[in-house]
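Presented below is the structure to which this report refers.
A short reminder: the numbers here are calculations on the coordinates, not readings from a lab. All of these numbers come straight from a predicted model, not from anything done at the bench. No Cβ is skipped: glycine too gets one built from the backbone with ideal geometry, and neighbour counts run over all protein chains shown.
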């Protein structure tokens, strides 16, 4: 394959291609065309058609697994690990930009590129591992949503889990109307989580100076905080959303002209920065709320979501525990929906098999229903699922780093030398820290 860009196609053909592949509706495609051609003068209106994919991906960074790790970090170590949350979010931001870039540059998602370029045994092995990762991801998110229903409405966990399945079916059904309605619902749920934690942070009255002091210089407080810091990183960089983001951009807005592709990528970077910044602020707010509410009042043993919900009520009042439950429910519903989407991308990309959405939903629901039916501890299950996810991170991150640095594949969107070096440093760090987490967990 040569390094030359594909032959440019007329914008109208690009729009039709996007529509055929389930991209934006006609009006949104028209707005995107005006933005890419320079006809749209308003900066906000230029940006709006391109916002959406990163908000779907960002859901994975504020899922119930993040609730568990951030609450434990704040209650045990106060504001000490705020810098870890920020560093993990910056790493995740870089990774999501690369995933989005792969979809824009190639018109294919990461599993499809692996299938085309890797030997068949490698492809099959990566697919099996990705399916296990998808199940572990959905387990955590499904259990989190069921726990949200339980804490808010007192619904027993098993009926709450079934209700979660019904609601996610409804949300996933919005895809039949195009990307925009689905993106709007997911963005709204992200907004609910952000507003809830803004209120929680205000009620908790955190020490902003102490939070800022965690960066001067960044440090840990013993081996326990190192292990928990690695857990925060593992809950932040999620392998399934690395696969998913490339699929969200591959056919949403299709352009053939190299200059328009670069312009599209600039808008996509803004989408990632905005969405991931919101997710990062939510994670910081989670940790600061736990530090202000639990650590400073001597409740350093709060280590589960249920404990946090119970403890908030006497410390901050009835409203705080209700707000916490709402944020957990919104997190679980949105992330379980996105997890199912990622499972579809994995199966269709690696082995060219597409199953009905309800079959995929039932398959990923089953492990969660088994866990709930057996009465296993929800928070402990969330932690174990993060360990399983640790195995999957290098299997998604290393191929992404390899492919996005290949000029014959990426054309003008190939990683610069600085970007390529940075992503390999980040990949090495993440893989090394997750191996440390696995060793310490099993030890």
Which order do 299, 309 fall in if you start with the one that has the fewest other Cβ atoms within 10 Å? 299, 309
Proxy reagent accessibility, fewest Cβ within 10 Å first, across 132, 433: 132, 433
Only helical DSSP H runs with n ≥ 4 go in: add -39500 (n - 2.57) per run for the chain, normalise by residue count and round the 222 nm mean residue ellipticity to 500 deg cm²/dmol. -26000 deg cm²/dmol
Report the extension gain between residue 90 and residue 207 in nm, rounded to one decimal, defined as 0.36 nm multiplied by the number of residues separating them, less their alpha carbon distance. 39.8 nm
Assertion target for 110, 94, ordered by fewest C-beta neighbours within 10 angstrom first, is 94, 110
Read-out semi-axes √(5λ) of the Cα gyration tensor in Å, derived from the coordinates shown; its label in (i) 35, 23, 22; (ii) 40, 24, 20; (iii) 38, 29, 20: (i)
Binning every alpha carbon pair distance of the stretch 87-182 at 5 Å from zero, what are the percents per bin? 2, 11, 11, 12, 19, 18, 14, 8, 4, 1, 0
Checking the a/c ratio against 1.5 first, then a/b against b/c, what shape does the Cα gyration tensor give for the stretch 59-102? oblate
Taking a ≥ b ≥ c as the square roots of the Cα gyration tensor eigenvalues, with a/c under 1.5 meaning rounded and otherwise prolate when a/b beats b/c or oblate if not, the stretch 242-284 comes out oblate
Could you work out how far helix 82-106 tilts from the main Cα principal axis of the chain, as a 0 to 90 degree angle to the nearest 10? 20
